[in-house]
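Asker: Submitted below is the structure of interest, expressed as structure tokens.
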Amino acid sequence: MNKQVVIAVVGGKSSGKTTTIEVLVRELSKKGYKVAAMKHISELNFTIDAAEKDTWRFAQAGAKTIISVASDEIATIEKVNTENLPLEAILEKCKGKDVIFLEGFRKIVSKNKNIPKIVTVESASDVSEALRQFHPILAFAGTYSAKESNVKIPYVDALKNPEEIALVVENFIKKKSV
């Protein structure tokens, strides 16, 4: 595979976005894909860093990039204003990955026709809203079976059929790399 694929997983709060991405990462990783996952956090003043820890102290002192290296991971914290940061700049962090899953990023991806979406839904009204708001939709997932809404977009229960949701994504990846 030579072209990187970006897929957004969008939906309401607690609708199954994280679970869907977790299943997709596991299934596609088993098949040998190099997978990245990004989470948009809308909480103001959120930091992944822990107050009073050394890395936090470096940032408080003014460091704009802080790198923490442990036995099994490297974490990079960049202190930047992300309000107008383009998605392309964020995706640069995932060079060398075959597929990138985005969780959230609703404003950025909603009408971006270059980013297919998997929409997690909990009701028929969620399906209707998604059809108005998100383009293109690759599949529906979540607790509500979108099959009941008679849409032509596939619905897959990611927990019950992990291989099937992965196959939807894998078929899309193969189509994009032709």
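Any read-out appearing in this document is the output of simple, stated calculations on the displayed coordinates, not a laboratory observation. Quick caveat: nothing in here was measured; it's all calculated off a predicted structure. Ideal geometry is used to build each Cβ from the backbone, glycine not excepted, and the neighbour counts take in all protein chains shown.
Asker: Kindly evaluate THR55 against the criterion of being over 17 Å from the mean Cα position of the chain (by Cα) and not in a loop (DSSP other than H, G, I, E, B).
Answerer: Here the answer is yes, as THR55 does meet what is asked.
Asker: Hey, ASP49 hits all of (1) closer than 30 Å to ARG132 by Cα; (2) of a type in the set (Asp, Glu); (3) touching a residue at least 12 places away in the same chain (Cβ under 8 Å) but one; which does it fall short on?
Answerer: Condition (1) is where ASP49 drops out.
Asker: Being β-branched (Val, Ile, Thr), in contact with an Asp or Glu (Cβ under 8 Å, 6 or more places away or on another chain) and over 13 Å from ILE100 (Cα atoms) is the filter here, so list the residues in the range 11-41 that pass it.
Answerer: THR18
Asker: Quick check on my filter: what residues within the range 34-50 are farther than 12 Å from GLY104 by Cα, out of contact with any Cys (no Cβ under 9 Å at 6 or more places or on another chain) and of a type in the set (Gly, Ala, Ser)?
Answerer: The answer is ALA50, and nothing else.
For (1) surrounded by 14 or more Cβ atoms within 10 Å (Cβ to Cβ); (2) hydroxyl-bearing (Ser, Thr, Tyr), each residue gets a yes or a no:
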residue: LYS17; (1), (2): yes, no
residue: THR20; (1), (2): yes, yes
residue: TYR33; (1), (2): yes, yes
residue: ALA36; (1), (2): yes, no
residue: ALA50; (1), (2): no, no
residue: TRP56; (1), (2): yes, no
residue: GLN60; (1), (2): no, no
residue: ALA63; (1), (2): yes, no
residue: GLU73; (1), (2): no, no
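Asker: So which of ASP157, ASP126 ends up being in contact with a Phe, Trp or Tyr (Cβ under 9 Å, 6 or more places away or on another chain), under 22 Å from SER14 (Cβ atoms) and acidic (Asp, Glu)?
Answerer: So the residue among ASP157, ASP126 that is in contact with a Phe, Trp or Tyr (Cβ under 9 Å, 6 or more places away or on another chain), under 22 Å from SER14 (Cβ atoms) and acidic (Asp, Glu) is ASP126.
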